[in-house]
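Bear in mind these aren't lab numbers, they're just calculated from the coordinates by the rules spelled out. No experiment lies behind these values; they were computed from the predicted model shown. Here Cβ is always computed from backbone atoms with ideal geometry, including for glycine, and neighbour counts include all displayed protein chains.
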């Protein structure tokens, strides 16, 4: 049969090439693949973990200021103004005071000791005026039900 593959024809086609045996048997090939995949997974995990750690190091947390991050100048002038503490000043004693604007910080620094004292007094007074949420509210004497005769 012309063109049919026969054993002789296959041998003649391969005679000029030398074939090598497979380098790995099935066990080693599978073990190698598992090892390779494990190494890649560990590298990716460490890469992801290091980026999270690096992100924590790069992103500074907003400083924790005195008076619960309220504007120190606002408190000194009798007002409650919440801030994100992006504008702040560190006193020589290491305490951090937050401000709502640069202008309020500049005004505060004209007399820092006096303004700290005023802010502290207002902060304590406003907390004393608020009812304690842990205590039950008293509404007065109990109402008596009408007597039926």
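Assorted remarks:
- Mean Cβ neighbour count within 10 Å, used as a protection proxy, ranking 93-105, 34-46 highest first: 93-105, 34-46
- Of 75, 129, the sequence from fewest to most neighbouring Cβ atoms within 10 angstrom is 129, 75.
- Kirkwood hydrodynamic radius over Cα pairs of the range 66-129, then Stokes diffusion coefficient at 4 °C and 1.567 mPa s, in µm²/s: 115
- When 77, 33 are arranged by Cβ crowding within 10 Å, least crowded first, meaning fewest neighbours, the order is 33, 77.
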